[in-house]
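Accompanying notes for the structure given below.
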Amino acid sequence: ADTSTLCLMKNFIFIFLAMATFSLQAQDYRYTESLFTNITVNTDVVYTQAPRLNGLFNDESNTSIVDYKMDIYQPSDDNLSLRPAIIFIHGGAFISGNRNHDDMEAFCDSLARKGYVTATIDYRLGMYISSEASTTRAVYRGLQDGRSAVRFLRANASSYGIDPSRIYMAGSSAGAFICLQSVYMNDATEKPTQANTYSYNNPILPFNQITAPDLGSYDIGTNLDQNGNPDAIFSLWGALKHTDLILAKDDTPVYLIHGTSDDIVPFNIGSPFGYPAFSATYGSNPISARLSGLGSDNFQTWFVEGEGHEFYGVSNGNWAPVPNQYWGTTIEKASDFFYQQHKPQAGFTYTPEGLNIAFHDASSDAQSWLWDFGDGHSSQDPNPSHTYPSSGNFTVTLYIENEIKSWDSFSQDISISNTGILHPEADQISIFPNPAGENIFINNLPDGARIIIYGSDGRIYKDIRTEAGQMHFNMEYYPAGWYLVRIISTDISKNQTHRVLKYKQ
């Protein structure tokens, strides 16, 4: 065979061995990849009792105590006893809807397959749409019920294998109102006056005077020893009563998603449905501006230009007729956002002594460790030492997990010889982030270097020559999985191969 053929054969042998070595290691990537085939659903779980409005909703004093229920989704045959939980809350303008909306069930199923415990809830509906006080009270009742669901899961965490310190909330439309009010309307002085006792004239026959009862505090019902604040929220086309509710101390992680042309729940400031009887609300754009003005770095946004309400393909929570191209992106953003709330942080340093390297774990929140030394050897010790068989360039990767098997990995490239490190770290080529979502950046590239990105099947995804400095690659449409990034330079000491995990599908 000619020289080029031999080189190609060697490349594929190298790739095969590298991939085979990594496939032997027990990394799960829970919470970012769908690991579970079957889901178990506990239906009709009563999470609270609360006074429901009866009749035509004009009489705020006419109520009945009713059970409110949730369905709880868990990955089948999962023996982990501590898992984050996400409560999904349907839309419907506080007058319609239920926990079986298509999008709520799809969210629950998708995230449960990644290892979460998920739940979809019913909550109190009903308001008289011509009364500003009635609409305010409807949102307040929803806030109370959402917090009751959080407290229920905290109180029953051991029964459902939940980590009680990691309970999140996600909502669509009215459900997003509940999420936002839950984290920003949480001070006793912020309770709306209309949620207290007040008297008003019945708007319909017999036009009598009615006294609406005090709805109580934010937390009512059972499990009052538990915290009703969700630990993070994912808001889909929601709004807040007023952005003045957001204070500097309100640091709950928030993801805001909204279409800029939403005519149901305003993206900016306005009345829902454009109906003046509804008091003005503050949509995702002013909420984002308020958080930015307070210097918060604990929120994310995805604002889609020109799109309206429920833009991922539903009408009042049900497929119309099927999810559209935005649905997969929304699931991906939800998955990434919630994973970021509980992931540990991997990192390490090292001390060279000739061919022997002492590695020092610098991770946070790590409970288990898996090292790949880049030469076919590995270790599960937190601070291992490793002796390399010869001088060379090696990519060392540390994979860690915490107590809920949330994970992170960190890679460094080291060049060693009998006398230690060959060149300073500042000059080393590095790739970040790793694992990657949509983009990777390669730093300190030599001029004219050739970069080849191989998939785990040996396919070449990119083959390009670069200029010196930093190079950016968009991997948005690459399949999730492991990739090899080969850097070939006229300076042989700069030749390197990096393993990069793309975890977003």
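For the stretch 223-331, the C-alpha radius of gyration sits at 1.15 times the compact-globule guess of 2.2 N^0.38 Å, with N the residue count.
Residue-normalised convex hull volume from the C-alpha trace of the stretch 116-165: 78 Å³ per residue. Computed 3J(HN,Hα) for the stretch 346-358, one whole-Hz value per residue from the Karplus formula 6.51 cos²θ - 1.76 cosθ + 1.60 where θ = phi - 60°, is 8, x, 7, 10, 8, 10, x, 9, x, 7, 9, 10, 9, glycine and proline marked x. Take the Cα of residue 460, step 7 Å toward its Cβ, do the same at residue 329, and the gap between the two points is 3.2 nm. Label zone of residue 294 (point 7 Å out along Cα→Cβ, amide N under 12 Å): in the stretch 223-245 this covers 242-245.
So for each of 473-483, 203-213 I average, over its residues, the number of other beta carbons within 10 Å; can you give me the resulting order with the highest mean first? Mind showing how you got there, number by number?
Working: 473-483: 15.7, 203-213: 10.8.
So the peptides 473-483, 203-213, ranked by packing, come out 473-483, 203-213.
Here the accessible area is traced with a 1.4 Å probe on the protein chains. For the stretch 49-156, carbon and sulfur cover 43 percent of it. Averaged per residue, the stretch 143-276 has 37 square angstrom of accessible surface, using a 1.4 angstrom probe with ligands and nucleic acids left out. Which FRET efficiency value, to the nearest 0.05, do you get for residue 248 and residue 209 by plugging their Cβ-Cβ distance into 1/(1 + (r/R0)^6) with R0 = 60 Å? That gives a FRET efficiency of 0.90.
Computed over Cα pairs, the Kirkwood radius of the chain leads via Stokes-Einstein (1.567 mPa s, 4 °C) to a diffusion coefficient of 51 µm² per second. A full extension of the chain between residue 81 and residue 49 corresponds to an added length of 8.8 nm, given 0.36 nm per residue minus the alpha carbon distance.
For the residue pairs 114/241; 69/241; 114/494; 241/502; 69/333, alpha carbon separations beyond 31 Å are given by 114/241; 114/494; 241/502.
Give the calculated FRET efficiency between residue 432 and residue 217 to the nearest 0.05, with a Förster radius of 56 Å applied to their Cβ-Cβ distance. E(calc), rounded to 0.05, equals 0.75. Extension gain, residue 468-residue 356: 0.36 nm per intervening residue step, less the Cα-Cα distance, totals 37.1 nm. Here is what passes the span test in the chain: the DSSP H helices with alpha carbon length of 18 Å or more along the helix axis and a Kyte-Doolittle mean of -1.0 or above are 3-23, 132-155. Note on residue 231: accessible area is roughly 50 Å² with a 1.4 Å probe, heavy atoms of protein only. The phi-based Karplus calculation (6.51 cos²θ - 1.76 cosθ + 1.60; θ = phi - 60°) puts the 3J(HN,Hα) values of the stretch 406-414 at 6, 9, 7, 9, 9, 10, 9, 9, 10 Hz, whole numbers, x for Gly and Pro. Here the gap between residue 263 and residue 340, fully extended at 0.36 nm per residue and compared with their Cα-Cα distance, gives a gain of 24.6 nm.
The values are calculated or read from the model by the stated rules, or taken from the named source; none is laboratory data. These numbers were taken from a predicted model, which means no experiment stands behind them. Methodologically, a virtual Cβ is constructed for each residue, glycine included, from the backbone with ideal geometry; neighbour enumeration extends over all protein chains shown. Surface areas here come from the heavy atoms of the whole protein model, side chains and all, with no ligands, DNA or RNA. Shrake-Rupley method; radii C 1.70, N 1.55, O 1.52, S 1.80 Å.
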